[in-house]
Amino acid sequence: MVNEMLEGKHKVLLFRKLSDQSQKAAKLVFQTEHTFSYSRELERIVTKDGGVIQVGDLESEVSIEAIQAKDDPIAQMLRQSVIDGEKLELWEVTVDEELKTEDNKFPAVYAQGYLDSWEDPASAEENASISSNFTVEMEPQFGEATLTAEQQQAVQYAFTDTTSVTEAS
């Protein structure tokens with residue numbers, strides 16, 4: 001087996017309010033970067049027999065960077081969730097055709113939590129951007145996620161033939 005690199009552009013974030021589970025999760029447009037981080041506090045305790053380590057709870061968070069779209073309802077929902085303190089669901093989905101399962105699912109990490117910050121920097125020389133931080137409650141779960149055709153199209157459009165496209169095709 002030959003190891004291949006995984007490109008960061010194949011990992012995208014989808015969001016949904018926990019209270020809106022009747023809705024599909026949706027992608028924040030123009031994502032430029034995110035970091036899913038895991039950390040644990042380790043405390044060294046000195047004993048008469050030598051040092052031992054006490055392991056603390058897992059802490060996870062996701063830092064998010066994106067370019068602002070002129071009218072993105074997901075960005076508006078995320079900003080409002082910070083203001084309202086609303087709990088969210090987040091999926092980090094690896095949208096790589098080579099990793100897709102036979103059931104048409106993609107590797108994913110699922111988490112629930114809160115956005116603890118939202119920034120809208122607007123520089124005179126760059127695109128307006130979004131910066132946010134998602135704090136995970138409990139532990140992230142690893143599994144596989146189904147993406148609808150619409151969600152896959154939001155990630156990256158696919159090749160389309162030159163013939164007319166109808167609803168039946």
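Read-outs throughout are calculated quantities, based only on the coordinates presented, and are distinct from any laboratory measurement. It should be emphasised that the depicted structure is a prediction, and the values quoted were computed from it without experimental measurement. Note that each Cβ is placed from the backbone with ideal geometry, even for glycine, and that neighbours are counted across all protein chains shown.
Taking the Cβ of Met138 as the centre, find all other residues whose Cβ is under 12 Å away and add up their charges (Lys, Arg: +1; Asp, Glu: -1).
-3
Under 17 Å Cα-Cα from Lys11, which lysines qualify once same-chain neighbours fewer than 8 residues away are excluded?
Cross-link targets: Lys27, Lys100, Lys105.
Count charges around Thr148 for me, please; just the other residues with Cβ under 15 Å from its Cβ, Lys/Arg as +1, Asp/Glu as -1.
Here the count lands on +2.
Of [x] 17; [y] 39; [z] 32, which is the value of percent of Cα pairs over 29 Å apart derived from the coordinates here?
[z]
All other residues with a Cβ under 12 Å from the Cβ of Ile67 taken together, and with Lys, Arg as +1 and Asp, Glu as -1, what is their net charge? If you can, show how the numbers build up before the last one.
Details: positive: Lys70; negative: Glu33, Glu65, Asp72, Asp120, Glu126.
Taking every Cβ under 12 Å from that of Ile67, the sum is -4.
Please arrange Trp118, Trp91 by counting, for each residue, the other beta carbons lying within 10 Å of its beta carbon, fewest first.
With the fewest neighbours first, Trp118, Trp91 line up as Trp118, Trp91.
So what is the relative contact order for the chain, in percent, with contacts set as C-alpha pairs under 8 Å and at least six apart?
23
Going by how many other Cβ atoms sit within 10 Å of their own, how do Asp116, Asp49, Asp96 line up, fewest first?
Asp49, Asp116, Asp96
So if I place +1 on the C-beta of Lys and Arg and -1 on the C-beta of Asp and Glu, and nothing else carries charge, what would the dipole magnitude of the chain be about its Cα centre? I want it in debye, nearest 20.
Charge dipole of the chain: 200 debye, to the nearest 20.
By a straight-distance test (C-alpha under 18 Å), which aspartates and glutamates pair with Lys70 as possible cross-link partners, with residues fewer than eight away in the same chain excluded?
Hits, sequence-local ones excluded: Glu119, Asp120, Glu125, Glu126.
For the chain, what does -39500 (n - 2.57) per DSSP helix run (n ≥ 4), summed and divided by total residues, give at 222 nm, in deg cm²/dmol to the nearest 500? Write down the numbers at each step before the final one.
Values: 2 runs with 19 residues, N = 169.
The helix contribution divided over the chain gives -3000 deg cm²/dmol.
Mind pulling the angle between the C-alpha long axis of helix 73-84 and the longest principal axis of the chain? Nearest 10 degrees, somewhere in 0 to 90.
Around 30 degrees separate the two axes.
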